[in-house]
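Chemist: Here's a structure for you.
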Amino acid sequence: MASDGGQIKNKTVIIGAGISGLTTAFLLNKLGCDVTVLEKKKEPGGSIETVFEKGFLFDKGPNSALETHPLIGKMINELNLKDQLVYANKEANKRYILKNNQLHALPMSPTAFLKTRLFSPAAKLRLLAEPFIGRSKDGYYQSISEFVTRRLGKEFLDYAINPFVAGVYAGNPEELSVKSAFPKLYELEEKYGGLIVGTIRSIRERKRRAEKSKQSAKMLSFKDGMQVLPKAIARHLSGKVKFQSDVTSIKKINGKYQINFTLEGEQQSLNCDKILSTVPAYIASNLFAHFDEKLPKHLNEIYYPPVLVLFLVYKKKFIRRPLDGFGFLIPSKEKKSFLGAIWSSVIFPNRSDDSTAVFTLFAGGARNPEIGSIDKEILIGKVKKEFEEIMKISGEPELQTYKYWSKAIPQYNIGYIEHEKYFDEFEKNNPGLILSGNYRGGISVGDCVKNAEAVFSKCRM
Ligand SMILES: Cc1cc2nc3c(=O)[nH]c(=O)nc-3n(C[C@H](O)[C@H](O)[C@H](O)COP(=O)(O)OP(=O)(O)OC[C@H]3O[C@@H](n4cnc5c(N)ncnc54)[C@H](O)[C@@H]3O)c2cc1C
């Protein structure tokens, strides 16, 4: 790397214009670094995809992001997106869980917890034992299911954590590693000895670091949907993001890297000092296989279950259940065809007019991966029928549309630690090659932004 008047002369190529790649590009560009982003699709955003159908806004991927890291707010300011920014309505703090076909509000205070019928009296009493339960030994090989059952009891696993895991990862609590998938939760036990004591003490520490926990961070989106953010970053980077550029191979020549890609069907190449990959693990596996023969095994073992996102718009007059919350999640014990529903028009303004209500439903995930081979129209029919029963809806939707993600969200399952260690090893052995994206450092948009900042330091080194 040469330095000239403080400017870094490294050339970095970033593969992928999702939020991970774009955030690092934004930071590098700010420092005056030479950066190019290559993106296969015509638009930026990757999993963040917003469309308008019949005037309704459908976020096919994330519907919101949590402002867990200060960089999110800084980017919004610097990109002049304040006018577009929307925060979730207060009503959205209320979340429901389905039990015996009834929606129960998730208790948000000690009094509500004592009153709720979501948990039995025995399960409530069991929580009192939590501060007296000792630490576990081997976090990485312990599932979130084992961890929660040990600390909080089986009922808490079934009716709080199981649906929560479905809502965040579309995941399976028996398979997700507590330490890899929920590091903050694990840390409460490891560092403070328990979840209740740990929560209280970590709130104080986070305040000092100006960081927000996922529970207290503000939930945001944009008037025109989540894709506003990646689109604005790409615009800001002007010609530095090349769309329809499908990276096909990478070579090392005389200590530099040559990255080959097809741009609108034409073969092209770029030379650079550093390559930051933010493509999904199963794509990175092909691109980097010839640098390290064991790497593909690690990348391919990261499981991405399928998810179907169903978007429904109904006339409000057809809905007999009050719309007073974020939506609901479904525990696997309830045996439904979908994981949960977001009441999109309750959460953010201008998602519907006064007469309609908009919903986003999720099906599949690691709980029901068989949706991959089921006829989608049959699945949607079943999901819709169950949803209409729960919501007491007695009319046909005004609009019904869906997006099927065949490989949606990477699962940080038991054994993930071996992959994580190997990726670190790979980067050490191959200076200038950096593996990033949502299969490292967290899957949420907030985690991707946070991780992109950490990766930015690697690009500058
Ligand atoms: C259905 C769904 C719902 C979600 N809901 C939420 C939510 O509510 N809140 C939240 O915080 N998070 C949510 N997430 C997770 C979050 O959206 C993602 O983890 C995050 O957006 C991933 O960003 P990324 O940049 O790491 O990867 P990606 O978005 O996958 O970006 C990778 C990019 O690489 C490009 N690419 C692939 N191959 C090549 C190639 N060969 N050459 C060039 N480019 C290539 C892709 O086209 C893509 O643009 C959700 C995800 C999904 C799928």
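Conditions tested, residue by residue: (1) outside any helix (DSSP H, G or I); (2) of a type in the set (S, T, N, Q); (3) within 26 Å of GLY446 (Cα to Cα).
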site	(1), (2), (3)
ILE250	yes, no, no
PRO296	no, no, no
TYR303	yes, no, yes
LEU308	yes, no, yes
LYS333	no, no, no
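Chemist: Could you check region 159-180 and list, in sequence order, the residues that are touching a residue at least 60 places away in the same chain (Cβ under 8 Å), more than 15 Å from the ligand (Cβ to nearest atom) and assigned to a loop (DSSP other than H, G, I, E, B)?
Modeler: ASN172, GLU175
Chemist: Next question, about the same structure. Pick from SER120, SER64, SER136, SER109: which is among the small types (Gly, Ala, Ser), touching a residue at least 40 places away in the same chain (Cβ under 8 Å) and out of contact with any strand residue (DSSP E or B) (no Cβ under 7 Å at 6 or more places or on another chain)?
Modeler: Values: SER120 fails: touching a residue at least 40 places away in the same chain (Cβ under 8 Å); SER64 fails: out of contact with any strand residue (DSSP E or B) (no Cβ under 7 Å at 6 or more places or on another chain); SER109 fails: touching a residue at least 40 places away in the same chain (Cβ under 8 Å).
After applying the criteria, what remains is SER136.
Chemist: Further question on the same structure: Of (1) farther than 28 Å from MET108 by Cβ; (2) within 12 Å of the ligand (Cβ to nearest atom), LEU299 satisfies all except one. Which?
Modeler: Here LEU299 clears every test but (2).
Chemist: Being more than 15 Å from the ligand (Cβ to nearest atom) and at pLDDT 95 or above narrows it down to one residue among PHE387, PHE423; which is it?
Modeler: Of the residues listed, the single one that is more than 15 Å from the ligand (Cβ to nearest atom) and at pLDDT 95 or above is PHE387.
Chemist: Then there is this: Mind telling me which of the residues ILE393, ILE414, ILE378, ILE374 ends up being out of contact with any Lys or Arg (no Cβ under 7 Å at 6 or more places or on another chain), away from the ligand (no atom under 16 Å from the Cβ) and under 18 Å from VAL165 (Cα atoms)? Steps first, please.
Modeler: Details: ILE393 fails: under 18 Å from VAL165 (Cα atoms); ILE378 fails: under 18 Å from VAL165 (Cα atoms); ILE374 fails: under 18 Å from VAL165 (Cα atoms).
ILE414 is the lone residue from the list that is out of contact with any Lys or Arg (no Cβ under 7 Å at 6 or more places or on another chain), away from the ligand (no atom under 16 Å from the Cβ) and under 18 Å from VAL165 (Cα atoms).
Chemist: Looking at the structure I just gave you, is GLN411 crowded, with 21+ Cβ neighbours inside 10 Å, polar (S, T, N, Q) and either in contact with a helix residue (DSSP H, G or I) (Cβ under 8 Å, 6 or more places away or on another chain) or more than 26 Å from SER332 (Cβ to Cβ) (or both)?
Modeler: Details: crowded, with 21+ Cβ neighbours inside 10 Å: yes; polar (S, T, N, Q): yes; either in contact with a helix residue (DSSP H, G or I) (Cβ under 8 Å, 6 or more places away or on another chain) or more than 26 Å from SER332 (Cβ to Cβ) (or both): yes.
Answer is yes for this residue.
Chemist: Now, a different point. Which condition number does GLY73 fail, the rest of (1) buried (at least 20 other Cβ atoms within 10 Å of the Cβ); (2) part of a helix (DSSP H, G or I) being met?
Modeler: Failed condition: (1).
Chemist: Could you list, in sequence order, all residues of region 419-461 that are touching a His at 6+ places or on another chain (Cβ under 8 Å) and of a type in the set (Lys, Arg)?
Modeler: LYS450, the sole residue that qualifies.
Chemist: Now for a different question. Given (1) part of a helix (DSSP H, G or I); (2) crowded, with 20+ Cβ neighbours inside 10 Å; (3) away from the ligand (no atom under 13 Å from the Cβ), identify the lone condition not met by LEU287.
Modeler: Result: LEU287 passes all but (3).
The values are calculated or read from the model by the stated rules, or taken from the named source; none is laboratory data. Fair warning: this is a prediction, and the values are worked out from it, not measured in the lab. Positions of Cβ are backbone-derived with ideal geometry, glycine not excepted, and every protein chain shown enters the neighbour counts.
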